[in-house]
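The values are calculated or read from the model by the stated rules, or taken from the named source; none is laboratory data. Values in this document were obtained by computation on a predicted structure and should not be read as measured data. Reconstructed Cβ throughout: ideal geometry from the backbone, glycine too, with neighbour counts over all protein chains shown.
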Amino acid sequence: MQTTSSVFDDLARLMTGAMGVAQGVSDEARGFMRAQADRFVAEMDLVSRDEFEAVKQMAAEARAEADALRERIEALEAALKDARG
């Protein structure tokens, strides 16, 4: 009976060791994939979310300014037309 317990203990230690190795391999693979993804993104010259949001805000402000200027030009053209006419 002692032999059976020893076999189970050995098997449990073996499985624990295997799980540790599997976890290490998993962590190593995850780190490798993360590094590859970071390198891929860096090579694609993508912008960060903060940079994108800043440019998006600048574009919205430029559009609002262009709309305001368009309305002002239309008002000035209408006033000029009335003055001539």
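One table, with the values for the structure above:
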{"quantity": "Residue match in region 34-49 (condition: at pLDDT below 95, assigned to a helix (DSSP H, G or I) and of a type in the set (D, E))", "calculated": "yes"}
{"quantity": "Test result for A79, surrounded by 10 or more Cβ atoms within 10 Å (Cβ to Cβ), assigned to a helix (DSSP H, G or I), more than 36 Å from the chain's Cα centre (by Cα) and hydrophobic (A, V, I, L, M, F, W, C)", "calculated": "yes"}
